[in-house]
There are 2 protein chains.
Amino acid sequence: MQALVYTNTQTLVYREEKNPKVVNGESIVRVAASGICGSDMHAYHGKDNRRIPPLILGHEISGTIDKGKFAGKKVILNPLITCGKCDYCTNEKEHLCNKRIILGMNKPIERQGGFAEYVSIPDNNIYELPASLGMKEAPIAEPTAVALHAVELGEKELSKSLKNTKALIIGGGAIGLLSGLILSKVKDCGEIVIVDPNKKRLGECSKYLNAQGVEPGSKIILNDYFDIVFDTVGLETTRHQAINSIKPGGVIIHIGLTQPSGSFNFRKVTLQEITFIGTYCYTNKDFEKTLNILANKKIGSLNWIEYKNLKDGASAFQQIHDGSCSAPK
Amino acid sequence: MQALVYTNTQTLVYREEKNPKVVNGESIVRVAASGICGSDMHAYHGKDNRRIPPLILGHEISGTIDKGKFAGKKVILNPLITCGKCDYCTNEKEHLCNKRIILGMNKPIERQGGFAEYVSIPDNNIYELPASLGMKEAPIAEPTAVALHAVELGEKELSKSLKNTKALIIGGGAIGLLSGLILSKVKDCGEIVIVDPNKKRLGECSKYLNAQGVEPGSKIILNDYFDIVFDTVGLETTRHQAINSIKPGGVIIHIGLTQPSGSFNFRKVTLQEITFIGTYCYTNKDFEKTLNILANKKIGSLNWIEYKNLKDGASAFQQIHDGSCSAPK
């Protein structure tokens, strides 16, 4: 098969690779569309110790079952593969399973990803494509599930309804925009500010999201003001912005993985009783709920998704890297 | 009146001071006993910008009403003075009130503390001493309320009962021991490990608390093991121990204020969906609940409290500072 292979830092090669083998309990999917995630970009920059070249990246995938018990069905893949037996898996926290694997990752266990003609996936991870959802836009289910999970973690934590809540979203990429769309269109959040240093990105977000888009230095971002802050970037500086802008008793939801460590104002966390929650992926229930949200067009138009042919994948990564691509996905 | 005055870094002087003035809505209390808090020690080391010398420290106070509508009554003081009108105060989160003041603090507003013969306090902050509680041990109510609030924040956050929970307590001082006693005797917590570098302190804790007491390097403290970690110290290194030892999906309760900033493993917070909650003081309800716990002897013997005369206060601070005092309070 043809595949886009991550061969070295900032290097992707479109080349012939071996087809995935048929495995018991799994299916082979002919990939229709595959999205580029921030974590793929992180790998591309040589900064993800779970994704070591050579590797086929990509875990936001739609396609048609080629070989397997649902052969011929149009499907969306949940790329998070878990053991199904541990305490986490049996208590609806599959995303915390110690044995979890994601497609397009090779540490600790190799699973080739979706930037290829074919990919293998356990049958339990296959969801039928809702009739109202296009095959090309369907991979957005995966980051939407990430955003839904993050928003609902925050919602559960807040002592008041999201309707009466002031939310700050740091980062206008896919997760930032999707978190905003869920807050706005699904949760009816009262006030949303989205912050990004890239004006083009803010412009894109403003077309689809009812939120105030500002740059990081903006005076709109008051200190001690927001009930909830979503840091979809995860830099030391964005965490500083999060802790400065959160109000006493507020909730910071931390999604981004850009900078693994760094300083932080633990004094404010303590004196103002801030709740700081890391959030990763989604549960199986979140994934199903997301498909329902997308099938019912609850987050509105998905026209902000840009498409490229797989053979042009290297330039797509390059354009995201150099900022010339403003599309959130 | 005589008072122990914090006059300079590591300097306390027992001297004559003006008596507090009678103010409308407040009472004057003749102090019976006053406890030394970790935050008083922090001030003593010149590291608390809310407590600038000269100042009478101390906010863990019992006494008898000298002047006021309850004159003659034996009382315990809730030293956290709040506006009573804001969103926080009217929603049982008085401890987050923007106008909160604590006795023995002078920034932003001065309130002289309890290391004196007399102290002034709003009537709303006065609680009658339960008959079964001795006047000398009563000041323990304040740090016990801090510990109860912290434990119950964690309990609310955990997805399972504290009975089935493995807890790590970092720090064997008063808040560490009290958190342990509440976990063990009030909440019936399944497994408790308490860690402190001071063997004398661990020895004291082991007399009263059913927990495994270990030093920081101990192999007992496994990585990714504890459901909940209480950091009662708040150093960069104790936070590192907290994040290393917490299991996926676990809860870190951060109480200590020793080191305001420092690095942290935000990657684990995110990938393992850790909840990190700062906790400060207590609500009025927590304070009342604490008096009930103490009145009913639910946390057992309070023999671990050591007493000194006020005029010997300077040496008491000195002994805590140099580690020669092993009593948790």
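When both the stretch A:1-23 and the stretch A:39-113 are represented by their alpha-carbon centers, they are found 16 Å apart. Each copy carries residue A:91; placing its label point 7 Å along the C-beta direction from Cα gives inter-copy distances of 2.9 nm, listed from smallest up.
Here the scattering of the stretch A:218-262 is modelled by Debye summation over its C-alpha atoms, one equal scatterer each and no solvent; at q = 0.14, 0.19, 0.27, 0.31 Å⁻¹ the log10 of I(q)/I(0) is -0.29, -0.52, -0.93, -1.09.
With both partners inside the protein assembly as shown, how many of the DSSP beta bridges are antiparallel, as a percent to the nearest 5? Here the share of antiparallel DSSP bridges comes out near 60 percent. In a DSSP loop and with at most 13 other Cβ atoms within 10 Å, the trypsin sites (Lys or Arg not before Pro) in the stretch A:77-149 are A:85, A:136.
Taking each residue as 0.36 nm, the span from residue B:207 to residue B:47 lengthens on full extension beyond its C-alpha to C-alpha distance by 54.4 nm.
Relative contact order for chain B using alpha-carbon pairs under 8 Å, separation at least 6, rounded to a whole percent?
Values: 706 pairs, mean separation 56.0, N = 329.
Relative contact order of chain B: 17 percent.
Other chains near B:93-102: what is the mean number of their Cβ atoms within 10 Å of each residue's Cβ?
Counting other chains' Cβ atoms within 10 Å and averaging over B:93-102 gives 2.
The Cα atoms of the stretch A:28-140 cover 36, 34, 23 Å along the three principal axes, with the biggest extent listed first.
Considering only DSSP states other than H, G, I, E and B, which trypsin sites (Lys or Arg not before Pro) in the stretch B:195-264 qualify as loop sites with at most 13 other Cβ atoms within 10 Å?
Working: sites: B:199, B:200, B:201, B:207, B:219, B:239; in loops: B:219.
Of the trypsin sites (Lys or Arg not before Pro), the ones in loops of the stretch B:195-264 whose Cβ has at most 13 other Cβ atoms within 10 Å are B:219.
With a Förster radius of 60 Å applied to the C-beta separation of residue A:297 and residue A:9, the computed FRET efficiency comes to 0.95. Each listed q (0.22, 0.25 Å⁻¹) maps to a log10 I(q)/I(0) for the stretch B:233-329, found by the Debye formula over equal Cα scatterers with no solvent: -1.10, -1.15.
A Cα-only calculation for chain A places Rg and Dmax at 19.4, 58 Å. A compact globular protein would have a Cα radius of gyration near 2.2 N^0.38 Å; the ratio found for the protein assembly as shown is 1.09. Between amide H atoms placed 1.01 Å from N, distances below 5 Å from residue B:52 occur with B:106, B:107, all of them 5 or more places distant or on a separate chain. Between amide H atoms placed 1.01 Å from N, distances below 5 Å from residue B:118 occur with B:31, all of them 5 or more places distant or on a separate chain.
The lysine pair count for the stretch B:21-91, using Cα distances under 28 Å and pairs eight or more places apart or on different chains, is 8.
Bear in mind that the values in this text are calculations on the coordinates, not laboratory data. Since the model is a prediction, treat every value here as computed from it, not as a measurement. Counting neighbours? That spans all protein chains shown, and the Cβs are built from the backbone with ideal geometry, glycine included.
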